[in-house]
1. When the helices in the chain are scored as -39500 (n - 2.57) per DSSP H run of 4 or longer and the sum is shared across all residues, what 222 nm value do you end up with, to the nearest 500 deg cm²/dmol?
2. Once each part is reduced to its C-alpha centroid, what is the distance from the range 254-318 to the range 5-40 in angstrom?
3. What lysines sit close enough to Lys314 to cross-link, taking a C-alpha to C-alpha distance under 24 Å and skipping anything fewer than 8 places away on the same chain?
4. Mind checking the dipole of the chain: about its Cα centre, +1 per Lys or Arg Cβ, -1 per Asp or Glu Cβ, Debye to the nearest 20?
5. With springs only between Cα atoms under 10 Å, which of Val64, Val161, Val256 fluctuates most in a Gaussian network model of the chain?
6. Do any cysteines of the chain lack a neighbour Cys whose Cβ is under 4.7 Å away, and which are they?
7. Let me check I've understood the local charge: for Arg327, count other residues with C-beta under 12 angstrom from its C-beta, Lys and Arg +1, Asp and Glu -1. What total comes out?
8. Give the cross-link partners of Lys10 among the aspartates and glutamates, using a straight C-alpha distance below 18 Å as the criterion and excluding same-chain residues fewer than 8 apart.
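The values are calculated or read from the model by the stated rules, or taken from the named source; none is laboratory data. None of these values were measured; they are calculated from a predicted model. Glycine gets a Cβ as well: all are built from the backbone with ideal geometry, and neighbour counts include every protein chain shown. In case anyone asks, the SASA skips ligands and DNA or RNA and just uses the protein heavy atoms, side chains included. Shrake-Rupley method; radii C 1.70, N 1.55, O 1.52, S 1.80 Å.
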Amino acid sequence: MLDELNQIEKNALDSLQSVADPAALEAWRVAQLGRSSPLMSVFAGLGKLSKEERPAVGQAANQVKVALESALEEKSAQVKNAALAKSLAEEKLDVTLPGRGVNIGRLHPATQQLRRVLDILAEMGFQVYTSREVESDDMNFQALNFPLHHPAREMQDSFYVETQGRGDNPLLMRTHTSPGQIRAMREASAMNPQNPPPIRIALPGMCFRYEQITARSEIQFNQVEGLAVGEGITFADLKGTLADFAHRMFGQDARVRFRASYFPFTEPSAEMDIECFVCGGKGCGVCKNSGWLEILGCGMVHPVVLQNGGYDPKRYTGFAFGMGPERQLMLRNKINDIRYFWGNDVRFLEQF
Ligand code: DAH
């Protein structure tokens, strides 16, 4: 019996030599330690042995079992390590490859330009005043001296958002930032109606017009409006301020010129051009051979507008101006289609 146990152990350990993977190992375990293995049948037969034989055989069988179990454990670790080494070799990871870049967001180019404008105006003492995008007709037009049915309204076709029951005062998306002038003046003059304080503000934000979308016109765009109201403000202040702005924005050598123009809310009105920075004034495609680029509209605040804001036009004067940051960026970077701004194409956006 003891010889037989020796043989069982030897056979089992021999056959374990050739085991190399988890499936073969499991088959070996079933064959050598499972219920119908030779070793287990020795345990099963113990009862049939004589009292004298039983302890020695039992003890020897147990030793064989412990030996086989520890051999199994050792082999199991070997098989696992081998499998790991194999998969590491096969699925090699090149840790020196560059990682996948994380795209960091940034400000929209229109916002970047808007902020450049506001930074310069802030240096010159203009405080930002943000006004609403949904306006009433009386703010967007009437208080700015565009009477009902006035032909100047033709320049600014509007998106109406509410007309029912509002008579001559429908709600619309503001077509320019100018209605913020009225709101700012009324807010300031309401605080001290007898002596309204001087005002120096910049009004930034989105404007909306009901237009055919083309390379040159969009239904939405930003404007920055400026307003200065006080005692003794003259057209010379307007010219000096805006020429200084142009130098800070486009360079100290940038030449500017003012041309007479018309806006209902200013009198007199003007447009400011800067010398074309693409051709230096010689004439090119960007300036359409004129040598000049139109940059903004401006003028002395119309007495009716001052009055509507609560400022006595006999005592106060002021100037105002309005410009488009997208247009400035287009000129500066030779962008030939305004639709890029809201086209959501990262190939355009990530250049800024
Ligand atoms: N609101 C005008 C527009 O959108 C721009 C403008 C012109 C604003 C002259 C002004 C100004 O304040 O004085 O076309």
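1. Values: 11 runs with 141 residues, N = 352.
Value at 222 nm, helices only, nearest 500: -12500 deg cm²/dmol.
2. What the calculation gives is 99 Å, centre to centre.
3. Lys239
4. On the way: 38 positive and 42 negative charges, 88 e Å.
Rounded to the nearest 20 debye, it is 420 debye.
5. Val64
6. Lacking a cysteine Cβ partner under 4.7 Å: Cys207, Cys298.
7. Working: positive: Arg216, Arg332; negative: Glu218, Glu294, Glu326.
Here the count lands on -1.
8. Partners found: Glu69, Glu73, Glu74.
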